[in-house]
Amino acid sequence: MLAETICSAVSAAGLGIAAITAYRKRFLTAARIAAYALVPLGLVLTGAVDWIAGTALSPVAWAGFGVLGVAWLLLLSTRAVERRRVGRKVTGGGAEPRAVAPGASAPSRAVAAKPQAGKSAGDDFSDIEAILKKHGI
């Protein structure tokens, strides 16, 4: 009963503030304030406030939240373990860091693992320079 009274008072105060804001010709802001002010009243009328109050004071509900938390932790921990196992299989035991995507083919892994011996740092940019010259940049 107290929660319903408080929600109604908050809604009334918010609608009063919205009316003052609308009087000052700020209609968009007034509409937004009115929307927020009607939320507590809507929660009271739908019975959500009673449900929340019943849930907050119910030990069975808190046990249910505890079970949901344990299930969430189990799910996250199993996913983490699975990711660690998959990462070790792809890199060959975890000795070297992955330099390419996990789904990459074997040739791209070989290219990413060792740099090409015949090219220097200047040769790497020659292709880019040729493309830029071709477009007049």
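The numbers here are math on the coordinates, done by the rules we state, and not lab data. Because the structure is a prediction, the values reported are computed rather than measured.
A few points about this structure:
- Note that the range 1-93, at 4 °C in a medium of 1.567 mPa s, gets a Stokes-Einstein diffusion coefficient of 74 µm²/s from its Kirkwood radius over C-alpha pairs.
- Centre separation in Å (Cα based) which lies between the range 1-34 and the range 42-66: 26 Å
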